[in-house]
């Protein structure tokens, strides 16, 4: 009887194991891709799953049609191509409720593996102390290859900003942070600039962990290009996987001193073309 019970139990265990082994593996979800249609061609962007807040927000504003008819309002050849502004007619047609619906920020999502190589998708922002991103405005990095001496300069700029950031995150400096936040919220840029200058001097002796650009990222900056000085201070949440030549074309349009194209360049339509 004991022998029969043992055999029955053994058969059950083997059978369960076989069923478990035969179960198909669950495929990892594919990254979300978004297509931006412009008069110069289409650009396809892949969103990173390492920045879920920015990814989900971008999907949201695309599905709501927020990017349709949006301008590339800041075009700086050899630096970035930025979108996130509506023309005056579109703005005039939007009521206060619609404007308020896009007037929010996304918490920063810094990831050391996401960096500002050429073609990277970054979130624009004001100089707010918490590095929170705009809900609408984004940019694509356009700059070409960077030599080591300039990458070293960029690394110093990264650390200057990080030093200021960590200084303001220290509870003992909360009054400075509050004042800077208030100036930012009120768009009082004169006060903001004055406060920033003072904070920069105060932060100069603040100790923090120095950031070194990893060698594999340096190599990409040397060969492909990018804007290293923005790393660890602006959220990168995706990259262009198709249509970088379109970005090149947009970057070459005539612009005014502020980088606004003389002739409007629009995102005619944005849509999610590959989703989880």
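Between 149, 134, 112, the Gaussian network model of the chain with springs among Cα atoms under 10 angstrom shows the greatest mean-square fluctuation at 149. Sequence-distant contacts, meaning Cα pairs under 8 Å at least 6 residues apart, place the relative contact order of the chain at 36 percent.
Summed over qualifying helices (DSSP H, 4 residues or more, each -39500 (n - 2.57)) and divided by its residue number, the chain shows a 222 nm mean residue ellipticity of -12500 deg cm²/dmol. Note: relative contact order over region 108-211, using C-alpha pairs below 8 Å and six or more positions apart, is 24 percent.
If R0 equals 22 Å, the separation of the Cβ atoms of residue 113 and residue 30 corresponds to a calculated FRET efficiency of about 0.75. Just to be sure I understand, if you calculate P(r) over Cα pairs in 10 Å bins from 0, in percent for this structure, which of (1) 6, 23, 30, 22, 13, 5, 1, 0; (2) 4, 12, 11, 12, 14, 12, 7, 7, 9, 7, 3, 1, 0; (3) 6, 24, 30, 20, 8, 5, 4, 3, 1, 0 do you get? Answer by label: (3). Extension gain, residue 64 to residue 149: 0.36 nm times the residue separation minus the Cα-Cα distance gives 26.2 nm. Calculated from the alpha-carbon coordinates, region 102-238 shows an Rg and a Dmax of 15.4, 44 Å respectively. A simple spin-label model places the labels of residue 130 and residue 200 2.5 nm from each other, with each point 7 Å out along Cα-to-Cβ.
Ordering of 31-38, 150-157, 257-264 by packing is 31-38, 150-157, 257-264, highest average first (other Cβ atoms within 10 Å, averaged per residue). For the chain, find the longest principal axis of its Cα atoms and tell me its angle to the long axis of helix 2-22, 0 to 90°, nearest 10. That works out to roughly 30 degrees. Pull out the extension gain between residue 211 and residue 178, defined as 0.36 nm times the separation in residues minus the alpha carbon to alpha carbon distance; nm, one decimal. Value of the extension gain: 9.3 nm. Were the residues from residue 274 through residue 105 laid out at 0.36 nm apart, the gain over their Cα-Cα distance would be 58.3 nm.
For region 206-253, the alpha carbon convex hull comes to 129 Å³ per residue, rounded to a whole number. Which distance in Å, rounded to a whole number, links the C-alpha centroids of region 221-246 and region 95-164? Taking the Cα centre of each part, region 221-246 and region 95-164 sit 10 Å apart. Does region 187-276 come out rounded, prolate or oblate, given a ≥ b ≥ c as the square roots of the eigenvalues of its C-alpha gyration tensor, rounded meaning a/c under 1.5 and, failing that, prolate meaning a/b above b/c? Judged from the Cα gyration tensor, region 187-276 comes out oblate (a/c at least 1.5, b/c at or above a/b).
Bear in mind that the values in this text are calculations on the coordinates, not laboratory data. Just so it is clear, the structure is predicted and the values come from calculations on it, not from any experiment. Counting neighbours? That spans all protein chains shown, and the Cβs are built from the backbone with ideal geometry, glycine included.
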